[in-house]
Structures are given as C-alpha cells and as structure tokens.
C-alpha cells in the first residue's frame, strides 16, 4: 500500500532528488534509514548506553579535555 504526500524541501534537497531515477524510492530509503537509526538508538539507550552519534555526546564538556588539548598544542609546537 502507498500514500501520496506533498512536501516542501530545501532547494539543495530538491536538486539532489531531481537527479534521482526514482524520487519516491530515494525518499523511502532515506526515511527508512532514519527509522532504523532511531530504533537502534532507542535500543542502545534502553541498554543504558549512549549512541555514538548522539549530539548530546559531542556537545557536553569532556572530563580532562583542556589538559589534553594543551598537551596536543605543546606537541605540535615542538614539531614546528
């Protein structure tokens, strides 16, 4: 069974879709990928872990990051 939808997308997305042989198949594949990703992330969180691509993971401060960055800068300065 299928459903017909009308959507508005950003111009860059529309340009990419226009290049596809089957726009419906391209949209379906992209949405199904997002659905699977969300399901996997839900399972990972249910197991008490955080998905590796989680935005929260990359935006929160990392313990000890300032000393690590300082050491990295020192090592780079020593090379040059």
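For residue 61, the stated conditions do not hold, so it cannot be described as at pLDDT below 85, in contact with a helix residue (DSSP H, G or I) (Cβ under 9 Å, 6 or more places away or on another chain) and assigned to a loop (DSSP other than H, G, I, E, B). Is it the case that the range 25-46 has a residue that's modelled with pLDDT under 95, at positive phi and surrounded by fewer than 10 Cβ atoms within 10 Å (Cβ to Cβ)? No.
Scanning the range 26-51 for residues that are more than 25 Å from residue 9 (Cβ to Cβ) and touching a helix residue (DSSP H, G or I) at 6+ places or on another chain (Cβ under 9 Å) yields a count of 2. Within the range 1-24, the set of residues being surrounded by 10 or more Cβ atoms within 10 Å (Cβ to Cβ) and in a helix (DSSP H, G or I) comprises 13, 14, 15, 16, 17, 23, 24.
The values are calculated or read from the model by the stated rules, or taken from the named source; none is laboratory data. Predicted, not measured: the structure shown is a model, and the values here were computed from it. Every residue, glycine among them, receives a Cβ derived from its backbone with ideal geometry; neighbour counts consider all protein chains shown.
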